[in-house]
1. Do any strands (runs of 3 or more DSSP E) lying entirely in the range 118-176 carry at least 1 residues that are among the small types (G, A, S) and surrounded by 15 or more Cβ atoms within 10 Å (Cβ to Cβ), and which ones are they?
2. For the range 54-84, which residues satisfy the criterion of being part of a strand (DSSP E or B) and of a type in the set (D, E, K, R)?
3. Please verify whether F66 is at pLDDT 90 or above, in contact with a His (Cβ under 8 Å, 6 or more places away or on another chain) and over 18 Å from D40 (Cβ atoms), treating the condition exactly as stated.
4. Going through Q151, Q161 one at a time, which residue ends up being at pLDDT 85 or above, in contact with a Phe, Trp or Tyr (Cβ under 8 Å, 6 or more places away or on another chain) and among the polar types (S, T, N, Q)?
5. Out of all the residues in the range 40-98, which are of a type in the set (A, V, I, L, M), surrounded by fewer than 19 Cβ atoms within 10 Å (Cβ to Cβ) and in contact with a Gly (Cβ under 9 Å, 6 or more places away or on another chain)?
6. Within the range 28-41, can one find any residue that is of a type outside the set (F, W, Y), at pLDDT below 50 and farther than 18 Å from T122 by Cα?
7. Answer with yes or no whether G114 is in a loop (DSSP other than H, G, I, E, B), in contact with a Pro (Cβ under 8 Å, 6 or more places away or on another chain) and either modelled with pLDDT of 95 or more or surrounded by fewer than 17 Cβ atoms within 10 Å (Cβ to Cβ) (or both).
Amino acid sequence: MKPFSVQRLGVILAAILGLGLLFAAQPASAAVSGTAFAVDKSTAKAGDQLTLTLSLTNTETSDIYFAYEAVQPTWPANSQAGAFTVTGCTGDTVDCVINGNSANFHFDAPIAPGATKTVTLTVKISDTPPWSATTPYTVNWAPYVYYEFGQVGGTTSAKDQGWPYGVTGMDTTILG
């Protein structure tokens, strides 16, 4: 076995630096603008229904021709199996996939500059939630939005953003 040399270390570091520069040069998506999120109740009780409203306004100068959104409760509510169930999805969407306490959908596209598309989700709070009936429980919702626009000369621009810790104004305190 050859002894470790400074030359070998230099080659390894050059390779790592080269890979770092390669990946750093990849274009990143910019944050989205024109999103609005709301829930119809700031307080609720077991068995109630919540209505989540998710909107996307095109703030770009060209059509948005592909738009995707996903939403789920934040942690630890997303780990409370059966505590919340998405039961409906309506509005400006071409599809909606509901999976227990989460949903994802594609907005009806294209979305012209300045136009807004809105989707409404219905969420049922369990009649017998898994948390203590004497302690209020707060649920918030974590959306993720991705869209593509500006398809010019074969070049596409995209933006995406997630709110993993929830969105101000989308929290509901569930009373025992």
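1. Values: elements: 137-139, 141-152, 155-162, 172-175.
Output list reads 141-152, 155-162.
2. At the first step, the residues of the range 54-84 found to be part of a strand (DSSP E or B) are 54-57, 64-73, 84.
Once the filter is applied, which keeps residues that are part of a strand (DSSP E or B) and of a type in the set (D, E, K, R), the range 54-84 yields only E69.
3. On the way: at pLDDT 90 or above: yes; in contact with a His (Cβ under 8 Å, 6 or more places away or on another chain): yes; over 18 Å from D40 (Cβ atoms): yes.
Taking the combined requirement at face value, the residue satisfies it.
4. Numbers: Q151 fails: at pLDDT 85 or above.
On inspection, the qualifying residue turns out to be Q161.
5. Within the range 40-98, A46, A70, A81, I98 meet the criteria.
6. Step one: filter the range 28-41 for residues of a type outside the set (F, W, Y), giving 28-36, 38-41.
Restricting the remaining residues to those that are at pLDDT below 50 gives 28-29.
When the remaining residues are screened for being farther than 18 Å from T122 by Cα, the result is 28-29.
Looking for residues that are of a type outside the set (F, W, Y), at pLDDT below 50 and farther than 18 Å from T122 by Cα, one finds at least one in the range 28-41, hence yes.
7. Values: in a loop (DSSP other than H, G, I, E, B): yes; in contact with a Pro (Cβ under 8 Å, 6 or more places away or on another chain): no; either modelled with pLDDT of 95 or more or surrounded by fewer than 17 Cβ atoms within 10 Å (Cβ to Cβ) (or both): yes.
Answer is no for this residue.
The values are calculated or read from the model by the stated rules, or taken from the named source; none is laboratory data. No experiment lies behind these values; they were computed from the predicted model shown. Every residue, glycine as well, gets a Cβ built from its backbone with ideal geometry; the counts of neighbours run over all protein chains shown.
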